[in-house]
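**Q** Structure incoming, see below.
Throughout, read-outs are computed from the coordinates displayed, never taken from laboratory work. What you see is a predicted model, and the numbers here were worked out from it, not measured in a lab. As a convention, Cβ positions derive from the backbone with ideal geometry for all residues, glycine included, and neighbour counts pool all protein chains shown.
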Amino acid sequence: MPAAREQATRVAVDRIACTGHGVCAALLPRQITLDEWGYPIVAAADDPAVDVEAAVRLCPARALRPSRTTPQ
Amino acid sequence: MNELLWYFSRATGVVSMVLLTTTLVLGMTLSGRRSARPATSTVVAGLHRWLGLGMVAFLVGHVTTAVVETYVSIGPLSALVPFTAGYQPLWVGLGTIAFDILLAVAVTSALRHRISERAWRGVHLASYLLWPTALVHGFMLGTSDQPLLRLVTVACGVAGMLAVSWRIQATHHDREHRRSVTAQGWS
Ligand code: HEM
Ligand code: SF4
């Protein structure tokens with residue numbers, strides 16, 4: 001449902017696809033920090049849905065998708 | 001009017017060459033190396049995307065004016081089918097090939113979220129074919145009474161070749177990481 005997608009305020013990371021560019025950390029600073037090797041750590045914080053959209057579109061490895069569940 | 005079109009075509013051609021080279025170099029830095037600061041990667045990724053797409057506008061202007069002006073015979077067919085121009089068919093044809101590849105790269109990038117990663121990458125890597133093709137086209141047809149414009153093409157060639165040789169030896173941090181993880185095997 002497109003409505004669900006528009007409202008997503010969190011991202012999920014495909015760890016196989018992620019190449020550690022860190023674009024997500026720059027666009028979603030509240031939610032994502034980078035580990036010492038430059039790979040994302042997702043925190044349970046919400047970001048504005050438009051920022052989530054942008055991060056999903058701009059991830060160079062196409063490794064992000066909108067999510068509405070809290071990371072474990 | 002014709003003369004104006006001719007100038008417009010040359011100007012947009014030169015701008016496209018500069019944008020193409022810039023886009024190519026930015027793409028290589030994106031793939032070849034992970035920046036220490038996430039903000040840098042983000043700016044590079046954004047510039048690569050928007051300059052790449054912006055170039056399409058300049059190229060459409062370049063091709064359209066080259067077809068419309070009647071000083072030399074280049075028909076509408078030559079915009080998409082190589083080696084069909086009455087004027088310098090070989091060098092114009094190279095420009096046509098470059099334009100076709102560019103359209104393919106731009107369309108697959110716009111649809112990136114809907115096509116497979118392999119398809120996108122396969123087409124995207126054709127950029128390495130597109131760039132020298134466009135360069136030779138620009139150099140051979142560039143008007144030799146304008147040394148400055150020639151110089152721009154040559155400068156683009158040098159910058160691009162330096163970047164390509166850097167890219168060949170660049171090892172992406174993530175690739176290294178994957179290699180070392182694979183080498184460890186399952187335990
Ligand atoms: C149309 C003109 C374009 C040209 C000539 C171009 C060229 C390039 C080149 C040469 C590379 C380096 C590839 C490598 O060595 O592995 C690259 C990488 C890349 N390009 Fe483009 N590109 C263009 C447009 C775009 C657009 C519009 C996007 C937006 C989605 C895009 C997204 C990317 C990404 C994400 C990478 C990095 C891939 C990776 O290694 O993870 N490009 N591009
Ligand atoms: S932007 Fe994409 S590739 Fe880069 S660290 Fe985030 S998820 Fe990984």
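**Q** Give the angle, between 0 and 90 degrees and rounded to the nearest 10, that separates the Cα long axis of helix B:147-169 from the longest principal axis of the Cα atoms of chain B.
**A** Tilt relative to chain B: about 20 degrees.
**Q** If you place +1 on the Cβ of every Lys and Arg and -1 on the Cβ of every Asp and Glu, how big does the dipole about the Cα centre of the protein assembly as shown come out, in debye to the nearest 20?
**A** Rounded to the nearest 20 debye, it is 680 debye.
**Q** Rounded to the nearest 20 debye, what is the charge dipole size of chain B about its Cα centre when +1 sits on each Lys and Arg Cβ and -1 on each Asp and Glu Cβ?
**A** I would put it at about 920 debye.
**Q** Which order do peptides B:175-185, B:55-65 fall in by mean Cβ count within 10 Å, highest first?
**A** Answer by packing, highest mean first, reads B:55-65, B:175-185.
**Q** Relative to the longest principal axis of chain A, what angle (0 to 90°, nearest 10) does the C-alpha long axis of helix A:49-58 take?
**A** 50
**Q** Moving on. With each label point set 7 Å from Cα along the Cα-Cβ vector, what nm distance links residue B:150 and residue B:39?
**A** 4.4
**Q** Hey, if you put +1 on the Cβ of every Lys and Arg and -1 on every Asp and Glu Cβ in region B:29-130, which of B:94, B:32, B:104 ends up farthest toward the positive end of that dipole?
**A** Value computed over the given set: B:32.
**Q** Ignore the peptide's own chain and count Cβ atoms of other chains within 10 Å of each Cβ in A:18-29; give me the average, rounded.
**A** So the per-residue partner count for this stretch is 6.
**Q** What is the distance in Å between the Cα centres of region B:150-176 and region B:69-123?
**A** 23
**Q** Which log10 I(q)/I(0) values does region B:1-101 give at q = 0.21, 0.25 Å⁻¹ under the Debye formula, counting every alpha carbon as one identical point scatterer?
**A** Log-scaled intensity ratios, in q order: -1.00, -1.25.
**Q** With an 8 Å cut-off on Cα pairs and a minimum separation of 6 or more residues, tell me the relative contact order of chain B in percent.
**A** Normalised by residue count, the contact order of chain B is 26 percent.
**Q** What whole-number value in cubic angstrom gives the convex hull volume per residue for the C-alpha atoms of chain B?
**A** About 141 Å³ per residue, rounded to a whole number.
**Q** Test of understanding: express the Cα radius of gyration of chain A as a ratio to 2.2 N^0.38 Å, with N the residue count.
**A** Here the answer is 0.99, to two decimals.
**Q** What is chain A's relative contact order, in percent, from Cα pairs under 8 angstrom and six or more apart in sequence?
**A** 44 percent.
**Q** Could you work out, for the protein assembly as shown, what percent of all Cα-Cα pairs fall into each 10 Å distance bin, beginning at 0 Å and stopping at the bin that holds the largest distance?
**A** Answer for the protein assembly as shown: a P(r) of 7, 26, 28, 19, 13, 6, 1, 0 percent.
**Q** Now for a separate question. Which whole number gives the average, over all residues in A:51-63, of C-beta atoms from other chains lying within 10 Å of the residue C-beta?
**A** That works out to 2 on average.
**Q** So what is the relative contact order of region B:1-73, in percent, for Cα pairs below 8 Å that sit 6 or more residues apart?
**A** Value for region B:1-73: 55 percent.
**Q** Using only Cα atoms, find the angle between the long axis of helix B:2-32 and the longest principal axis of chain B, and express it within 0 to 90 degrees, rounded to the nearest 10.
**A** It is inclined by approximately 10 degrees.
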